[in-house]
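Note sheet for the following structure.
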Amino acid sequence: MRIDIISVLPELMVSPFQTSILKRAIDKGIVEVHFHQLRDWSVNKHRQIDDEPYGGGAGMVMMIEPIDKCISELKSQRDYDEIIYLTPDGETLNQKIANTLSIKNNLIFLCGHYKGIDQRVRDLHITKEISIGDFVLTGGELAACVLADSIIRLVPGVLNDEQSALTDSFQDDLLSPPIYTRPESYKGLDVPKILLSGNFAKIEEWRHEQAIKITTEKRPDLLE
Ligand code: ADE
């Protein structure tokens, strides 16, 4: 998988991809992540990429030309499965979207800033708009990292068996059951006996019951 990320602040996204599981996925060659400084595509000697909105109003708007040039250059090099704009008014990210995107080959993420991007970029290039939740960030960069993390960990070969994504919360529309490790008892708090029984069929049954109970309590909407 290849992800191209277009941003005015690529430096904001360095460490997530240089650490832990994402770093290993990149080092193993399973995933490539390329950053593109949008200002490099500015047609203006001040490297300007934003301007005032037509019709007036507060805030600056990211201009079409630098973004169109950058995306068009990338598109001339390979076919992209999705060109995704990170924006608070996009579809809210969930596990199903992450699963769908994890089997794609080439993705572009466009990070917005200021008031947003010229509508014509959306009309011309954007195939998917994703929000990471109902709140507004200073820009799309952290959202792009969240989206990339949720996708990359699902790409085959990225997680080992121990970290398997199959038992994640949400993978089957249920939250995960409680988990415990040593010691068996701590300040009078005991690990549920069933988990020490060695009866794996019964343990699986218990975990499933717990998952349903927890989902009913915390996220009944997932069961609908
Ligand atoms: N940019 C600003 N806020 C955002 C959000 N919640 N999700 C995605 N991109 C954003």
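Some points to look at:
- Selected residue [in contact with a His (Cβ under 9 Å, 6 or more places away or on another chain) and in the same structural domain as LEU196 (by TED's automatic domain parsing)] from PRO177, PRO183: PRO177
- Residue list for the stretch 75-89, restricted to those being in a strand (DSSP E or B), buried (at least 19 other Cβ atoms within 10 Å of the Cβ) and not hydrophobic (A, V, I, L, M, F, W, C): TYR85, THR87
- Scope the stretch 144-155; condition open to solvent by 10 Å² or more (accessible area, probe 1.4 Å) and either farther than 15 Å from VAL33 by Cα or under 8 Å from the mean Cα position of the chain (by Cα) (or both); matching residues: CYS145, VAL146, ASP149, SER150, LEU154
- Condition met for GLY59 (open to solvent by less than 70 Å² (accessible area, probe 1.4 Å), touching a Lys or Arg at 6+ places or on another chain (Cβ under 6 Å) and either assigned to a loop (DSSP other than H, G, I, E, B) or not acidic (Asp, Glu) (or both)): yes
- The stretch 129-151 residues that are under 15 Å from VAL8 (Cβ atoms) and of a type in the set (Asp, Glu), paired with ones that are assigned to a helix (DSSP H, G or I) and open to solvent by less than 10 Å² (accessible area, probe 1.4 Å) (beta carbon under 7 Å, 6 or more apart): GLU141/MET13
- Test for VAL158: is it crowded, with 17+ Cβ neighbours inside 10 Å, more than 12 Å from the ligand (Cβ to nearest atom) and outside the structural domain of LYS75 (by TED's automatic domain parsing): yes
- Of all residues making up the stretch 62-81, the number that are in contact with a Lys or Arg (Cβ under 6 Å, 6 or more places away or on another chain) and among the acidic types (Asp, Glu): 1
- Flag if LEU107 is in the same structural domain as ARG39 (by TED's automatic domain parsing), buried (at least 21 other Cβ atoms within 10 Å of the Cβ) and either free of Cβ contacts under 8 Å to residues at least 12 places away in the same chain or more than 11 Å from the ligand (Cβ to nearest atom) (or both): yes
- Here ILE71 does not fit the description of being within 16 Å of the ligand (Cβ to nearest atom), within 24 Å of the chain's Cα centre (by Cα) and either surrounded by fewer than 15 Cβ atoms within 10 Å (Cβ to Cβ) or closer than 24 Å to LEU137 by Cα (or both).
The values are calculated or read from the model by the stated rules, or taken from the named source; none is laboratory data. Bear in mind that the values here come from a model prediction, so they are computed numbers and not experimental data. We place every Cβ from the backbone using ideal geometry, glycine too, and count neighbours over all the protein chains shown. All accessible areas refer to the heavy atoms of the entire protein, side chains included, with ligands and DNA or RNA removed. Shrake-Rupley method; radii C 1.70, N 1.55, O 1.52, S 1.80 Å.
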